[in-house]
Amino acid sequence: MNARTERLAFTGPAGRVQALRDRPEAAARGVAVIAHPHPLFGGTMDNKVVQTLARAFVQCGWTAVRFNFRGVGTSEGTYDEGRGEAVDFQAVVREFAPEGPVALAGFSFGAFVTGQALQALWPERDVRAIVLVGTAASRFQVPPLPAQSHDRTLVIHGERDETVPLPSVLDWARPQSLPVTVVPGVEHFFHGQLPLLKNLVVRHLRALE
């Protein structure tokens, strides 16, 4: 993402996990862990939406950690339909944020994985912010979010998302009374609207300060 991006690796549940870390100029508020899109369809930690989320967190004073799921890049293991990936997410949190505040974010398949990780982490960690973009509710059984986390959660979806149709996300959010921020005219990958996506995330994070 920039010249100061750290390239890291550690041993996770399925072997080596490849990661990138970006730090803010001043002391960090905490660590944000960001999950990428579907591994079998070209999703990596270098995805532009994932990079945009990292920039937003760094701008708001968070250390941002992106990582490659098992079987992607030099991360070892094989695709596990979200189960092992959620375990990987929690391992990244333990490795890079063993204590202190954390934020969780994900895009597409990564939002599905983030939702699973949130269920496990919420009872035991200080989760300050959750950001879900293009949540893959039409393709996976995304778990409901803890009710107490809703005030800290931003769900963003493109009106013209062709990969995950908006109605499927609304069907997931409706029973939870969980608000969804809909960006008019935007498709799944937010082409041409990444600055707007970044601004929405920054606004959310600053409102939680």
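Structure summary
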| quantity | calculated |
| --- | --- |
| Estimated translational D of segment 91-209 in µm²/s (Stokes, Kirkwood radius over Cα pairs; 20 °C; 1.002 mPa s) | 147 |
| Cβ crowding within 10 Å averaged over residues, with 31-37, 139-145 ranked highest first | 31-37, 139-145 |
| Accessible area in square angstrom per residue, segment 78-203, 1.4 angstrom probe | 44 |
| Segment 133-184 versus segment 82-101: alpha-carbon centroid distance in Å | 22 |
| Gained length - ASP46 relative to GLU6, 0.36 nm times residue gap less alpha-carbon distance | 13.1 nm |
| Listed peptides 17-25, 99-107, 169-177 by packing density, highest first (mean Cβ within 10 Å) | 99-107, 17-25, 169-177 |
| Cα-based equivalent ellipsoid of segment 1-139: semi-axis lengths in Å, sorted from largest, via gyration tensor | 20, 16, 15 |
| Compactness relative to 2.2 N^0.38 Å, alpha carbon Rg of segment 75-128 | 1.09 |
| In order through segment 54-65: 3J(HN,Hα) via Karplus (6.51 cos²θ - 1.76 cosθ + 1.60), integer Hz, x for Gly, Pro | 4, 4, 5, 5, 4, 4, 9, x, 9, 6, 10, 10 |
| Estimated dipole of the chain in Debye, rounded to 20 [Cβ of Lys and Arg +1, of Asp and Glu -1, Cα centre] | 400 |
| Pair LEU194, HIS150: separation of 7 Å Cα→Cβ label points (nm) | 3.3 |
| Surface/4 of the Cα convex hull for segment 165-209, nm² | 3.8 |
| log10 of Debye I(q)/I(0), alpha-carbon scatterers only, for segment 1-72 at 0.14, 0.15, 0.18, 0.25 Å⁻¹ | -0.41, -0.47, -0.67, -1.13 |
| From the C-alpha gyration tensor of segment 129-191, square roots of 5λ in Å | 19, 13, 9 |
| Evaluated over segment 61-105, the Cα radius of gyration and Dmax, each in Å | 11.4, 34 |
| Gain upon complete extension [ALA207, ARG83; 0.36 nm per residue less C-alpha separation] | 41.4 nm |
| For segment 8-13, Karplus couplings with θ = phi - 60° (6.51, -1.76, 1.60), whole Hz, Gly/Pro x | 10, 7, 8, 8, x, x |
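The values are calculated or read from the model by the stated rules, or taken from the named source; none is laboratory data. Just so it is clear, the structure is predicted and the values come from calculations on it, not from any experiment. Note that each Cβ is placed from the backbone with ideal geometry, even for glycine, and that neighbours are counted across all protein chains shown. Just so you know, the surface numbers come from the protein's heavy atoms only, side chains and all, with ligands and any DNA or RNA stripped out. Shrake-Rupley method; radii C 1.70, N 1.55, O 1.52, S 1.80 Å.
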